[in-house]
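Report on one structure; see the data block that follows.
The values are calculated or read from the model by the stated rules, or taken from the named source; none is laboratory data. Values in this document were obtained by computation on a predicted structure and should not be read as measured data. Counting neighbours? That spans all protein chains shown, and the Cβs are built from the backbone with ideal geometry, glycine included. The area values use the complete protein model at the heavy-atom level, side chains included, leaving out ligands, DNA and RNA. Shrake-Rupley method; radii C 1.70, N 1.55, O 1.52, S 1.80 Å.
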Amino acid sequence: MKDSANFFERVYDVVREIPYGKVTTYGAIAKAIGAPRSARMVGYAMNASHFDDSVPAHRVVNRLGMLSGKHHFDGTNLMQQLLESEGVEVKDNQVQNFKSILWIPAVQF
């Protein structure tokens, strides 16, 4: 359990760096922390972060720009609403202009 807690904290450190109005992917975060095959674990970390307001989990989407984690947010459209409040356009659960607002974190290990 200690290792997964450390993993989650490394994920949260990266997510806290995502600029306002930008998004990144589970896989990009996994690569940044030196665990390139752990995108699913990044997703678990995002799900576990909902009680920590310092982690902007709404800025993390799948590799296609889809709001794949939206069902983990309270309310039916909260993830979309949070993104739209930052100027991110979302249509049919997909970030529009995905490539232009995609933020790739620097490798941190």
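For segment 12-71, how many residues meet the condition of being part of a helix (DSSP H, G or I), of a type in the set (Ser, Thr, Tyr) and more than 23 Å from GLN96 (Cα to Cα)?
Residues meeting the conditions: 2.
I'd like the full set of residues that are open to solvent by 80 Å² or more (accessible area, probe 1.4 Å) and closer than 17 Å to TYR20 by Cβ, limited to segment 53-72.
Listed by number, the list holds a single entry, ASP53.
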Within segment 79-92, restricting attention to residues that are farther than 25 Å from ILE33 by Cα and assigned to a helix (DSSP H, G or I), which residue is most open to solvent (accessible area, probe 1.4 Å)?
GLN81
Of (1) farther than 23 Å from ALA106 by Cα; (2) open to solvent by 80 Å² or more (accessible area, probe 1.4 Å), GLY75 satisfies every one except (2)
Pairs please, first residue from segment 84-107 and charged (D, E, K, R), second anywhere and open to solvent by less than 50 Å² (accessible area, probe 1.4 Å), Cβ atoms under 7 Å, 6+ apart in sequence or on different chains.
GLU84/VAL90; GLU86/GLY21
Enumeration of residues in segment 15-33 that are farther than 22 Å from GLN94 by Cα and either open to solvent by less than 40 Å² (accessible area, probe 1.4 Å) or free of Cβ contacts under 8 Å to residues at least 12 places away in the same chain (or both)
ALA32, ILE33
Given (1) touching a Gly at 6+ places or on another chain (Cβ under 9 Å); (2) within 21 Å of VAL107 (Cα to Cα), where does GLY69 come up short, assuming only one miss?
(2)
Residue match in segment 93-102 (condition: in a helix (DSSP H, G or I) and either open to solvent by less than 20 Å² (accessible area, probe 1.4 Å) or aliphatic (A, V, I, L, M) (or both)):
yes
Can you tell me which residue among MET46, MET41 is at pLDDT 95 or above, under 22 Å from GLN94 (Cα atoms) and touching a strand residue (DSSP E or B) at 6+ places or on another chain (Cβ under 7 Å)?
MET46
